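The values are calculated or read from the model by the stated rules, or taken from the named source; none is laboratory data. The structure displayed is predicted, hence computed values, not measured ones. Cβ placement follows ideal geometry from the backbone for every residue including glycine, while neighbour counts extend to all protein chains displayed.
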């Protein structure tokens, strides 16, 4: 048996101040207790409760780069409609795992299904939004021109593009800088343009690689509120971070270290299991109890 | 492949250039200035200006488009935008087609300006139609775009990619018949020049220089340049990987 994330107990803590959020014109913030059933009805893989198919399903997921095993036999599920944090120190394999989920990572073995398809399958390309660690936007285009191009690539019809672009800009609170060259924006603004690109096609799964790194605390809080609003709309979010204090903003956690999965579960469950007060302490406790090789990393070995 | 995505890509590339007017200026006017320079270099020998000038009209578009494309696609690769695009529903052909289209437009503008100046102001004496020069220039530009796209896969930095220009383009200029007739070269070099596409671009320009109509040789040259461009574009497409280590 393997650590699973499929329970639907949601974290009670959406973060402080749910009312000061960017893009307040849509979706009241962070009421996450009843999962929103507003998903497109045609999609059977999109559910809201624990009996729904997981948004990401990994079994013995392994990635080898050169001679190094970057990810070693990871098994986990990401429940749909949740905010799942992928936490671990830098170099632990977070970005590789994210690239595997998005389908840009080579040499992936084991099982990795995303929204019911093998990761990287062509039908997923418009259903999964991906934000790379460094903002991947054209610095010599304005924010709006960037979004307009990506919207075209995502297949949004020309007449719907301006509205989709405006909505994404509003979501990341960048309407004031819509016509600035991306290269002239600050680092944080540029990464929000990059995030806005991922929001364009209203993807069912959003995969974000360290989206809050280097942002000021206010902006960071606002982004987490945005993430929870998106989850309330039915979007699944998988968000990596190496900052442990962001753990409590997630409903579910995947703790990784040196390419292995230390534990999975809600922040509360992890703290309870390890008898610690913070997720950081829980992480340390898990590292210390982890046995090399044979024994399961979580130390609790469910059989 | 989708026409909408190809056109959107072409428009995006042109929009990027529009934010960089200096590059556009350099692209359009350097060939003209070089032709004027050449005109006065051959002040006493106008016949040489005719033949070398016509050849240069075939060489400029390939060189500039090679540089522009190799650096533009290297930037796509290193900035993460390529990875992002390839995680989206964009066919590789859309991306390559978009680049080819955008730089093709630019190449037509560049070649039209250079040809117009050469024919009207510098009295470049060609027997055939200037339109035929334009057609070759366009195909040449596509070949340069294709080569640039291809080599960008083998460069990790702008420093490296610029070094591909002396490696890929200079030998073709030396062997294309600009400096010495290809038939008079050492036989191994002549054989080599027979397989390098720029030789055919320059041959095609020479055909237009000497013949009033489009000759059979002209069409053969055209076909070789177009075929080479397609071949290298296909190779370039193979270097775009959705999954990378």
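Observations
- Of the numbered criteria (1) surrounded by fewer than 21 Cβ atoms within 10 Å (Cβ to Cβ); (2) closer than 29 Å to residue A:76 by Cα; (3) within 14 Å of another protein chain (Cβ to nearest Cβ), the one residue A:205 fails is (1).
- Within this structure, residue B:73 passes the test of being at pLDDT below 90 and under 30 Å from residue A:193 (Cβ atoms).
- Of all residues in segment A:103-121, one or more are under 22 Å from residue A:231 (Cα atoms), out of contact with any helix residue (DSSP H, G or I) (no Cβ under 8 Å at 6 or more places or on another chain) and in the same structural domain as residue A:229 (by TED's automatic domain parsing).
- Test: residue in segment A:154-175 that is at the interface with chain B (Cβ under 9 Å from one of its Cβ atoms) and closer than 23 Å to residue A:215 by Cβ: no
- In segment A:63-110, residue surrounded by the fewest Cβ atoms within 10 Å (Cβ to Cβ) [restricted to those that are within 14 Å of chain B (Cβ to nearest Cβ) and within 12 Å of residue A:238 (Cα to Cα)]: A:95
- Among the criteria (1) farther than 20 Å from residue A:99 by Cβ; (2) touching a strand residue (DSSP E or B) at 6+ places or on another chain (Cβ under 9 Å); (3) not assigned by TED's automatic domain parsing to the domain that holds residue A:85, the one residue A:192 does not fulfil is (2).
Residue-wise test of (1) surrounded by 13 or more Cβ atoms within 10 Å (Cβ to Cβ); (2) more than 14 Å from chain A (Cβ to nearest Cβ).
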residue	(1), (2)
B:10	yes, no
B:17	yes, no
B:32	yes, yes
B:36	yes, yes
B:43	no, yes
B:47	no, yes
B:56	yes, yes
B:59	yes, yes
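- Of the helices (runs of 4 or more DSSP H) lying entirely inside segment B:168-245, not one carries at least 1 residues that are at pLDDT 90 or above, at positive phi and away from chain A (no Cβ under 14 Å).
- Restricting A:60, A:119 to residues that are within 11 Å of chain B (Cβ to nearest Cβ) and touching a strand residue (DSSP E or B) at 6+ places or on another chain (Cβ under 6 Å) narrows the list to A:119.
- Residues in segment A:129-149 that are under 17 Å from the mean Cα position of the chain (by Cα), within 8 Å of another protein chain (Cβ to nearest Cβ) and buried (at least 23 other Cβ atoms within 10 Å of the Cβ): A:130, A:132, A:135, A:136.
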